[in-house]
1. Please list, ordered by first then second residue, the pairs with beta carbon atoms under 7 Å, 6 or more apart or interchain, first in region 270-290 and within 21 Å of Ser231 (Cβ to Cβ), second in a helix (DSSP H, G or I) and of a type in the set (D, E, K, R).
2. When you go through Asp142, Asp128 one by one, which is the residue that is in contact (Cβ under 8 Å) with a residue 12 or more places away in the chain, over 27 Å from Gly165 (Cβ atoms) and among the charged types (D, E, K, R)?
3. Kindly indicate whether any position in region 247-265 is in contact (Cβ under 8 Å) with a residue 40 or more places away in the chain, at positive phi and more than 18 Å from the chain's Cα centre (by Cα).
4. Tally the residues that are touching a Cys at 6+ places or on another chain (Cβ under 7 Å) and either not in a helix (DSSP H, G or I) or not small (Gly, Ala, Ser) (or both), restricting the search to region 103-122.
5. Collect the residues in region 296-315 that are open to solvent by 30 Å² or more (accessible area, probe 1.4 Å) and in contact with a helix residue (DSSP H, G or I) (Cβ under 9 Å, 6 or more places away or on another chain), keeping them in residue-number order.
6. Go through region 27-52 and count every residue that is assigned to a loop (DSSP other than H, G, I, E, B), touching a Gly at 6+ places or on another chain (Cβ under 9 Å) and open to solvent by 10 Å² or more (accessible area, probe 1.4 Å).
7. Do we find a residue being among the hydroxyl-bearing types (Ser, Thr, Tyr) and at pLDDT 95 or above anywhere in region 175-188?
8. Kindly list the number of the only condition in (1) open to solvent by less than 20 Å² (accessible area, probe 1.4 Å); (2) in a helix (DSSP H, G or I); (3) within 26 Å of His334 (Cα to Cα) that fails for Trp292.
Amino acid sequence: MADLLRDVIDRNRAGAAAAIPSVCSAHPDVLRASLSLAQAKNRAIVIEATSNQVNQFGGYTGMTPADFARFVWSMAEDTGCDRDRIVLGGDHLGPQVWRSGPSEDAMAKAHAMVAAYVRAGFSKIHLDCSEGCAGEPAQVSDAIAADRAAALAVACDGAAADPAGVMFVIGTEVPPPGGARADDSGDIVPTTPAAAAATLRAHDAAFARHRVAGGTSRVGALVVQGGVEFSPMQVHHLPPERDPALRSALADWPGMCLEAHSTDYQHPAAYPRLAELGFAFQKVGPALTFAWRQAVYAMDHLRLLSGRSKGLDLRDTMERLMLAEPASWQAHYHGTNAEVALARHVGLADRIRYYWAKPDALAAVAGLFADIDAAPPPLPLLWQGFAPAVL
């Protein structure tokens, strides 16, 4: 499947505004919708899992890489999406999940994880070792990150039936402690070409030192900050007139493109503009589960207005679950109790997505759908929760 990605890169490097969407989600309804749209538009699509979602121990989804691959292929069969248009990707694969412990232990687990991803058929592998482990800075140097990434590349090749079919992605846009930096205009400061070039040089040296087959010619994309970001309550939109000149950093790397993360919630015009700037890989995730949450909350409100609520609404159920297990949102939302309570449910970071697979949440959503199916809301009530244009 790496050939699909190579084709996108080649067209983008040739001057076309070519890009491929990368959907980073494990929500079944989001995946069904994404795969259905890819099939309807006759487009290729990347479906990605992150190291905290999916790893050899199950992650927060309870799925190993092999489980997630079977899950995606099942969704493809359900939606009639051709498997040959789907690329499986692993995002931010490194020591992050285990970084509270010593680097040796965290990297040993990361080695096992990337091998499991490759064995499961993932062909787009983001090697991200930028975050420090116990006793290290929050973000390690380019040299350390690159050395660890190269070691993971060797682990990938050891697990691959055909190493040439595995494409690596390097670099990271993860904001420094305290969040992404904004300039005086409120725009997110993009990565500089010099910083991007330094990351490439560090990885080139490390791949050579670890004797990674093919070296950095196997790297298809460099993740950088292009100026798109969002916080729990604000979207930082791409300044359309700005060109951070990051293409120039790739001048000596003909088989490589740029990858943009956190492209959620952008204006539609931002995506072709990102492609023009060299971002042939564009990743989105929280915006999709955010939209799904909007829809089910709207349906639940209609059920309440219709007088058919059985007491606790869906929001009450989710609030109880999030308060009982706060680890997935607590470090991400700040402010007064009222502000944090609001962010838990409607924050753009969409940390509520970590709770939809809980048994109580599944039961609550199933009950909501059953009630709506049993007594569909009349048209005026539907207009209360959904725009007439989408009905």
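1. Pro286/Arg353; Thr289/Arg353
2. One residue alone meets the criteria, Asp142.
3. Checked against the condition, which is being in contact (Cβ under 8 Å) with a residue 40 or more places away in the chain, at positive phi and more than 18 Å from the chain's Cα centre (by Cα), region 247-265 yields no hits at all.
4. 2
5. Tyr297, Met299, His301, Leu305, Ser306, Arg308, Ser309, Lys310, Leu312, Asp313, Arg315
6. The qualifying residues number 1.
7. Restricting attention to region 175-188, the residues satisfying the condition of being among the hydroxyl-bearing types (Ser, Thr, Tyr) are 185.
Adding the requirement that they be at pLDDT 95 or above leaves none.
So far as region 175-188 goes, no, none of its residues is among the hydroxyl-bearing types (Ser, Thr, Tyr) and at pLDDT 95 or above.
8. (1)
The values are calculated or read from the model by the stated rules, or taken from the named source; none is laboratory data. Quantities reported herein were computed from a predicted structural model and do not represent experimental measurements. Positions of Cβ are generated from backbone atoms using ideal geometry, with glycine treated the same way; all protein chains shown enter the neighbour counts. Surface areas here come from the heavy atoms of the whole protein model, side chains and all, with no ligands, DNA or RNA. Shrake-Rupley method; radii C 1.70, N 1.55, O 1.52, S 1.80 Å.
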